[in-house]
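One structure is given below, encoded as structure tokens.
The values are calculated or read from the model by the stated rules, or taken from the named source; none is laboratory data. Computed from a predicted structure; not experimentally measured. Here the Cβ is made from the backbone with ideal geometry for all residues, glycine too, and neighbour counts use every protein chain on show.
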Amino acid sequence: DDDLDAVRVAFDDETGVGTITMDRPDALNALNGQLRAGIIAGLQRLEAENEDADGVALRAVVLEGAGEKAFCAGADIGGFSEESAGASSERDHYEYIRDFPAPVIAKIDGYCLGGGLETALACDFRLASESSTLGFPEVNLGLLPGAGGVQYVTKLAGPAVAKELAMTGEYISAQRAADEGIVNRVYSDEGFEDEVDAFVADLAGQAPLAVQAIKDSAHMAVQSGLEEGLRYDAKLFGELLETEDHAKGAAAFNEDREPEFEGK
Ligand code: HXC
């Protein structure tokens, strides 16, 4: 599959965790057409794990960058016309990540810039190593973050922080990003791998249909008014009440043991 050339994809059937590695380390995993297509193809490959499964096999996806230096240094500066062509195509990778049924975790270790930061913002969680650096350098190129960067940061951290990042182009530390609510967790460089694994394993062990409904609800909360959002949550709640996983969770609570959810 040519679309998978710029990524590596792995699936752990014990934990249900999929991993997509953006694999252009010599270009700090800059997003060219091939890499953007690769992220979508990787997600499709992982989603196929659910096809023959009884319940939900794919519980969470980790998106990471290959090499020592970067999650992703943004759009490939050699290919901006290609990038703008991509922006007008039907579904780009940002949207694909946002709408993906399983939670997607951006594992940020190093530079996370421009379209790379927007890719991370499209994910459900951002976990960063302490030495990571985040920012929007687009303004230095006479551009704005073209894939929703100002929109997302405004919703997470407010317009002042969004304008500061996007207008100055200055990079911030992972800790500052966490203080502003842009990053969920910052871990020491030494503990990073283990801490991320533990976070993702916990998430992967939660009832998958509930996790999926919570993702939908959170998106609804960003886009709708409160009344519409409350009605939507009540509908989701009613659906989850009917699931086997809810019955399993309740039984496990009563018997004081850990439930094993299946996504049914
Ligand atoms: C293409 C890139 C790249 C990029 C780095 N490289 N970023 N190639 N597109 N965005 C390449 C370099 O050319 C170099 O290739 C190799 O990766 C290593 O990078 P260095 O610059 O040598 O590393 P270093 O000196 O450590 O500096 C790291 C850096 C710098 C500060 C991150 O690379 C940098 O400023 N990169 C550009 C960041 C940026 O402006 N991104 C685009 C944002 S605009 P060689 O072959 O020389 O080894 C954007 C628009 C989104 O993302 C729009 C969405 C619709």
>> Criterion first (within 18 Å of A37 (Cβ to Cβ), touching a residue at least 12 places away in the same chain (Cβ under 8 Å) and out of contact with any helix residue (DSSP H, G or I) (no Cβ under 6 Å at 6 or more places or on another chain)) does G110 satisfy it?
In response: no
>> Against the condition of a type in the set (A, V, I, L, M, F, W, C) and buried (at least 23 other Cβ atoms within 10 Å of the Cβ), how does L31 come out, does it pass?
In response: yes
>> Criterion first (at pLDDT 95 or above, on the phi > 0 side of the Ramachandran plot and assigned by TED's automatic domain parsing to the domain that holds A147) does G74 satisfy it?
In response: yes
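Kindly establish whether F253 is more than 22 Å from P103 (Cα to Cα) and either out of contact with any Ser or Thr (no Cβ under 9 Å at 6 or more places or on another chain) or of a type in the set (S, T, Y) (or both).
Working: more than 22 Å from P103 (Cα to Cα): yes; either out of contact with any Ser or Thr (no Cβ under 9 Å at 6 or more places or on another chain) or of a type in the set (S, T, Y) (or both): yes.
Yes.
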>> Consider region 137-192. How many of its residues are in a loop (DSSP other than H, G, I, E, B), free of Cβ contacts under 8 Å to residues at least 40 places away in the same chain and among the hydroxyl-bearing types (S, T, Y)?
In response: 0
> Which condition breaks for D216 when tested against (1) assigned by TED's automatic domain parsing to the domain that holds C123; (2) within 30 Å of E14 (Cβ to Cβ); (3) in contact with a helix residue (DSSP H, G or I) (Cβ under 9 Å, 6 or more places away or on another chain); (4) of a type in the set (D, E, K, R)?
Replying inline: (1)
>> When you check G65 against the structure, is it within 30 Å of E170 (Cβ to Cβ), within 16 Å of the ligand (Cβ to nearest atom), over 16 Å from the mean Cα position of the chain (by Cα) and assigned by TED's automatic domain parsing to the domain that holds L134, yes or no?
In response: no
>> Which of the numbered conditions does L43 fail, given that it passes all the others? Conditions: (1) surrounded by fewer than 24 Cβ atoms within 10 Å (Cβ to Cβ); (2) more than 16 Å from the ligand (Cβ to nearest atom).
In response: (1)
> Do you know which residues across region 112-130 are surrounded by fewer than 24 Cβ atoms within 10 Å (Cβ to Cβ) and in contact with a Ser or Thr (Cβ under 8 Å, 6 or more places away or on another chain)?
Replying inline: S129, E130
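In region 120-127, is there at least one residue being part of a helix (DSSP H, G or I) and of a type outside the set (A, V, I, L, M, F, W, C)?
So the first thing to find is which residues in region 120-127 are part of a helix (DSSP H, G or I), and the list is 120-122.
Going one step further and asking which of them are of a type outside the set (A, V, I, L, M, F, W, C), we end up with none.
No.
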